[in-house]
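Single-structure report; data block below.
Bear in mind these aren't lab numbers, they're just calculated from the coordinates by the rules spelled out. Please read these numbers as outputs of a predicted model, since none were measured by experiment. Neighbour counts are summed over all protein chains in view; Cβ atoms, including those assigned to glycine, are modelled from backbone coordinates with ideal geometry.
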Amino acid sequence: MANKITCYIRGLEITETPEEKVRQEYARQLVEEYGYPKENIDLEVPIQMGRDDKKRADIVIYPSPQDKDRRENHYIIVECKEPDAKLPDGEPQLKGYVNSTTAQIGVWTNGLEIKYWKRLKEPDRYEEKANLPRYGEQYGDKKIMKKDLRPSSNLQAKFDRIHNDIYANYKAGNKAKVFYQVIYLLFAKIQDEKSFDKECKFVIYDREWDDILATGKSKAFENRVFDLFNEAKSRQEFKDIFDGSEKIEIPTRQIANVVREFENITILDTDIKGEAFQSFLGAYFRGDAGQFFTPDPIKKLVVEMLEPEPDEVVLDPACGSSGFLVFAVNYFRDLVKKQRGWLDENGNPIKDSELTKDQREILRGNIKEYATTHIKGIDFDNDLTKVAKMYMVMIDDGHTGIWTSNALIPYSELGKNTNQTITRESIDIIMTNPPFGSKGKVSDQNILADYDFGYTWKKDKATGEFEKGKLLAGKKGGGQVPDILFIERCIGLLKEGGRMAIVLPDGDLTNQNTEFVRAWLKDKVQIISVVSLPQETFVPFGAGVKSSVLFIKKPKDGKLPEKYPIFFANIERIGYDIRGRKTYKRNNKGEVVDWEDRPIEYLTDKKGKKTKQDPLLVEMQGALDTDVPEILKEWDKFKKQYKSYLW
């Protein structure tokens, strides 16, 4: 039986098809972003194309409800196609509708691409436009006021269109460069929203679009957008994100395409901006740079096992793009919802989009206060810390706690580099995936001298005890691998009673030549858990080393229990295959299911016959095929049994 959906305009139950989904999404955008009243919009409108030829237009917008009732004075006609369709498929039909009516504007969309045409006075002549006029406006008199900006009905689709446009039209060899260019424009948009001007400047005016189509340039447009970005760079709250050298360098046409996607919406009040940013981030970096990616199930496992409390400081000293920290903030987000009773019928925190505006404001304020004071991150790569700070801004802030520094340098230098916010024994919780594998050894003797692990260690055959020897040589090939130094540094940063999860190569935990590490740990910390990760976890991202997550607790007053239990677990399924592609949980029929074991909806053909599960919904709602949820259930049982030994 074909899936049914509710028509956004008519409120009736209709059959879902790929083309119908595109139509319903665009109808929503017309109302929620452009402000056209539902009463002025009709679907499946008969259009007389000739004496004996009558067809139905997908969407028609009328000047008034009365015109809609009489089906007179068509204003805008929209032709919707399924996502696989490409221009010129449907374009002649659309223009035929416009020619046969009083319509002034034609729109073509397949959901991934949108084209706009204004009808000219000469027969069958059209002019391509950047966007639709908002309700009550005409081409040529665009004026977007801040008070009229609305949350996006589908921010993810906007990011997808931007991504597709840039890769189709701007051949850049460096993916990261393209990513930053789009993010610079996003911050220009944020600057525009934060300014006190009543009228928006992040706009592409019709005359500017015409100039760009004709010459590829528009000085007025470029200057206005560049000025906004320069203002963002100099904004006090963003000064630790930008160093002032950043420039917008992609072609003007691509800048205009980004602006037209965002000009009518508010980024600041769109709830899913963090999720959209994460997906956009993954599209550019996943598979190209391993340090950007720790699989989400590992982040979930770490955060839920460590259970950060609202008053605890959380640090990732090798934060990359801030994945662990974002999961920690979202863990706090759910704590706030639970505390305030913002739960569904099953007792789970409800989505941000289902909260009232007042509730969202309360939540956003709580998150900003928490993240600003309790979330800390360090990375030596300035480009990575930029990404991390931008990501934190997207989830309602906390970017001021992200620092560019080598976390392994002496404490005095580290304190200076982090404005004395990250010092010895200052952190409650650490969660991190430090560099290891082929990253190279640390050979700087100024750094090595600060560490026990910066020295040689020899086992006394008679006593079985390890003795510290000479400082490791800083010559070529000498030194210590960074993951071992990170173990010691993280423990030094933890307060007494603090806890930590660190991803380590299994060699640190099992090899004979690293026995001194385990002997040192045995005297310093309590081992809480070791969770083994699948071999393929980091293979697609540049590190094929078998690894595990080590959970430890730093004792108070240096006192360790004589005997204590340790939780061991083995993850077999991580939710990604060896190429880094998502793998999904399926039922006994082979259908992809969501986290509540409900099959993802199917697409259907024009006859209502099921074809395949909707790829977009699979991507957004499909449950990853991982045994992490089962391991977390076993961890809960372990906690109840051995609570006195744990956190």
Q. Per-residue ellipticity at 222 nm for the chain, helices alone: DSSP H runs ≥ 4 residues times -39500 (n - 2.57), over residue total, nearest 500 deg cm²/dmol?
A. -11000 deg cm²/dmol
Q: Using the charge dipole of the chain (Lys, Arg: +1 at Cβ; Asp, Glu: -1 at Cβ; taken about the Cα centre), state which of Thr418, Met390, Gly558 has its Cα farthest towards the positive end.
A: Gly558
Q.
Can you tally the net charge around Phe516? Count Lys and Arg as +1, Asp and Glu as -1, for every other residue whose Cβ sits under 15 Å from the Cβ of Phe516.
A. -1
Q | Cα centre as origin, Lys/Arg/Asp/Glu Cβ charges: segment 560-647 dipole, Debye | A | 220 debye
(Q) Given a Förster distance of 51 Å, report the FRET efficiency between Asn169 and Lys643 from their Cβ-Cβ distance, rounded to the nearest 0.05. (A) 0.30
Q: Please work out how much length the chain gains when fully extended from Lys4 to Asn419, using 0.36 nm per residue of separation minus the C-alpha to C-alpha distance, in nm with one decimal.
A: 143.7 nm
Q. In this model, which of Lys143/Lys247; Lys38/Lys338; Lys118/Lys147 are farther than 29 Å apart at the alpha-carbon?
A. Lys38/Lys338
Q) For segment 197-261 and segment 312-352, what is the separation of their Cα centres, given in Å? A) 34 Å
Q.
Sort 549-557, 579-587 by the packing proxy (mean of other Cβ within 10 Å over each peptide's residues), most packed first.
A. 549-557, 579-587
Q | Phe179, Phe242 arranged by Cβ crowding within 10 Å, fewest neighbours leading | A | Phe242, Phe179
Q: Place +1 on the Cβ of every Lys and Arg and -1 on the Cβ of every Asp and Glu in segment 106-241, take the dipole about the Cα centre, and give the residue among Phe226, Ile204, Phe187 whose Cα lies farthest towards its positive end.
A: Phe187
Q.
Please list the three semi-axes, largest first and in whole Å, of the ellipsoid equivalent to segment 4-141, using sqrt of 5 times the eigenvalues of its alpha carbon gyration tensor.
A. 21, 17, 16
**Q.** Ranked by how many other beta carbons lie within 10 Å on average, peptides 397-408, 560-571, 57-68, 228-239 from highest
**A.** 397-408, 57-68, 228-239, 560-571
Q: Show me 90-97, 486-493 ranked by packing, highest mean number of other Cβ atoms within 10 Å first.
A: 486-493, 90-97
**Q.** Karplus (6.51, -1.76, 1.60) ³J(HN,Hα), θ = phi - 60°, over segment 70-87, in Hz, Gly and Pro reported as x
**A.** 8, 6, 10, 6, 3, 10, 10, 10, 10, 9, 9, 10, 5, x, 7, 5, 10, 4
Q. What size of dipole, in debye to the nearest 20, comes out for segment 152-270 about its Cα centre when the only charges are +1 on Lys and Arg C-beta atoms and -1 on Asp and Glu C-beta atoms?
A. 340 debye
Q.
Tell me which of Pro534, Ala256, Ile402 sits at the most positive position along the dipole axis of the chain, charges placed on C-beta atoms (Lys, Arg +1; Asp, Glu -1).
A. Pro534
Q. DSSP beta bridges in the chain, what fraction antiparallel, as a percent rounded to 5?
A. 65 percent
Q: Can you tell me the dipole magnitude for the chain around its Cα centre, using point charges on the Cβ only (Lys, Arg +1; Asp, Glu -1), in Debye to the nearest 20?
A: 720 debye
